[in-house]
Amino acid sequence: MSVHEAEGAAVRAAAVQVGDRWTLQVVHALLAGPRRFGDLTRDVAPIAPNVLTHRLRGLEANGLVVAVPYQRRPLRVVYELTRRGRELSGALRLLAAWADPSLAPVHRTCGTTLEVGWRCPSCDLDVTVGDEGLVRL
């Protein structure tokens, strides 16, 4: 399978997990921290409660959100992102900047819009496509 085909398959898999009208908005609301159902209903308005319930269950099933009980009777939970869910923050910022270029970060010194790239956290080095250091497994 080519890299392009593998990326296409990964994009399709991501779309299944977060590609509907409301899911990314729910994730974005949870990036601010844990939220109760009522908070999410307000933060992701005008989402219907049954739709929010469905989206939260899907996010839980995909390991992006966890429901943490804060009251046993009646059972009440607070929703929060897992580590995997928080990893979506960069992608959401990129999508937001794509949709509204005024949100894109700008270099303070020269005013140029910044570009996204790959960085090795172990070596602390930038790696660009075409570098011999970039390998896809």
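The values are calculated or read from the model by the stated rules, or taken from the named source; none is laboratory data. Treat the numbers as computed from the prediction; the structure is a model and nothing was measured. As a convention, Cβ positions derive from the backbone with ideal geometry for all residues, glycine included, and neighbour counts pool all protein chains shown. Accessible surface areas use protein heavy atoms only, side chains included; no ligands, DNA or RNA. Shrake-Rupley method; radii C 1.70, N 1.55, O 1.52, S 1.80 Å.
Can you spot a residue in the stretch 76-89 that is within 15 Å of the chain's Cα centre (by Cα), among the basic types (Lys, Arg) and over 21 Å from Asp20 (Cβ atoms)? Yes, the stretch 76-89 contains a residue that is within 15 Å of the chain's Cα centre (by Cα), among the basic types (Lys, Arg) and over 21 Å from Asp20 (Cβ atoms). Just give me the residues in the stretch 42-62 being among the aliphatic types (A, V, I, L, M) and exposed (fewer than 12 other Cβ atoms within 10 Å of the Cβ), in sequence order. Listed by number, the residues that qualify are Ala45, Ala48, Ala61.
In the stretch 21-40, of all residues being open to solvent by 60 Å² or more (accessible area, probe 1.4 Å) and outside any helix (DSSP H, G or I), the one that is nearest to Gly63 (Cα to Cα) corresponds to Pro34.
Being in contact (Cβ under 8 Å) with a residue 24 or more places away in the chain and either aromatic (Phe, Trp, Tyr) or in a helix (DSSP H, G or I) (or both) is the filter here, so list the residues in the stretch 41-62 that pass it.
Answer for the stretch 41-62, where residues must be in contact (Cβ under 8 Å) with a residue 24 or more places away in the chain and either aromatic (Phe, Trp, Tyr) or in a helix (DSSP H, G or I) (or both): Val51, Leu52, Arg55, Leu56, Gly58, Leu59.
The test for being under 25 Å from Ala6 (Cα atoms), among the β-branched types (Val, Ile, Thr) and more than 20 Å from the chain's Cα centre (by Cα) does not hold for Thr113.
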